[in-house]
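Asker: Right, I'll just put the structure down here and ask away after.
Taken together, the values in this text are just the output of simple stated rules run on the coordinates, not laboratory data. None of these values were measured; they are calculated from a predicted model. Because the Cβ atoms are built from the backbone with ideal geometry, glycine has one as well, and the counts that use them run over all protein chains shown.
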Amino acid sequence: MNLSISHRWDLSPAEARALQLELAERVIVETTFNPSKVRTVGGVDVSIRQGMARAAVVVLGLTDLKPVDCAVSEAPATFPYIPGLLTFREGPTVLRALDKLTIWPDILLFDGQGIAHPQRIGLAAHMGVILDHPSIGCAKSRLTGTHAEPGEKVGDWESLTDDREIIGAVVRSRTGVKPLYVSIGHRVDLGTAISLVLRCTRGYRLPETTRYAHRVAGGADLGLA
């Protein structure tokens, strides 16, 4: 794994916010790959318990949504808990987990925000930019912005906006449950991001990428070794 942009993680909150503004300018909001040729997608999730960050990455085949690779990393979460700056708490451990993969996914799908973030650079966008790799944010809750309620059918969605700027989509992934918050991470447009998230969803609210990664981040063994 090679980083396109390398930076320090031991920053002050003010320095971290300044870096976010710089990285947000580098986000590419257009699809730079052929969606029909995506074969693998990597789900990324992070859990923090008793000061330890545990990052899990599970690579799934997009056709059958079965895991083909998995990596985990655990380390102390040294950056303080500050809303809007959670990437600096979780990012280093995510990178170490990604570096352990033997199969590099065509696209990364994060349990977190992309540009649907006050500074337009949540975990999915931040990681996508420094890796220069296609990425999508798929969060369970809204961090910023306003929206209308999407329809009840699977695939119904409404724009998530902030000061008239479209920063994401509120997507119904299962009838009768709360929607997901999908946003561009890097090198993907919003429509493609929505489509890929829905392709990863099989009858549950959360995409299979998140479901597998969440299980592994919580300590489950997928038995791939």
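Asker: Of the candidates 16, 193, 124, which one comes out as most mobile in a Gaussian network treatment of the chain with C-alpha springs shorter than 10 Å?
Answerer: 16
Asker: Next question. Kindly put 127, 52 in sequence by how many other C-beta atoms sit within 10 Å of each C-beta, fewest to most. Can you show the working numbers first?
Answerer: Values: 127 27, 52 12.
Final ranking by Cβ density, sparse to dense: 52, 127.
Asker: If we count other beta carbons within 10 Å of each Cβ, what is the order of 19, 222, fewest first? Let's see the in-between values first.
Answerer: Numbers: 19 21, 222 14.
Going from sparsest to densest Cβ surroundings: 222, 19.
Asker: From Cα pairs below 8 angstrom and at least 6 apart in sequence, can you work out the relative contact order of the chain, rounded to a whole percent?
Answerer: On the way: 532 pairs, mean separation 50.2, N = 225.
For the chain, the relative contact order is 22 percent.
Asker: Quick one: how many lysine pairs in the chain have C-alpha atoms under 27 angstrom apart, if they're 8 or more apart or on different chains?
Answerer: Count of close lysine pairs: 10.
Asker: Another question about this same structure. Per the helix-only calculation at 222 nm, which mean residue ellipticity applies to the chain, given -39500 (n - 2.57) for every DSSP H run of n ≥ 4 and division by its residues, nearest 500 deg cm²/dmol?
Answerer: Numbers: 5 runs with 54 residues, N = 225.
The helix-only estimate for the chain comes to -7000 deg cm²/dmol at 222 nm.
Asker: Another one. Which order results if 104, 157 are arranged by neighbouring Cβ count within 10 Å, fewest first?
Answerer: Values: 104 13, 157 22.
Ascending Cβ contact count within 10 Å gives the list 104, 157.
Asker: Let me ask something else about it. Once you've got the GNM for the chain with C-alpha springs shorter than 10 Å, pick whichever of 105, 76, 179 has the biggest mean-square fluctuation.
Answerer: Maximum fluctuation in the GNM of the chain, among the listed residues, is at 76.
Asker: Which value, in debye to the nearest 20, gives the size of the charge dipole of the chain about its Cα centre, when Lys and Arg are +1 and Asp and Glu are -1 at the Cβ? Kindly include the intermediate steps, with their values, before the conclusion.
Answerer: Details: 25 positive and 24 negative charges, 113 e Å.
Taking the Cα centre of the chain as origin, the dipole is about 540 debye.
Asker: Tell me which label goes with the value of Cα extents along the principal axes in Å computed from the coordinates here: (1) 45, 44, 34; (2) 65, 39, 33; (3) 55, 34, 33.
Answerer: Here the calculated entry is (1).
Asker: Considering the alpha-carbon set of the stretch 1-103 alone, what are its Rg and its Dmax in angstrom?
Answerer: 15.5, 44
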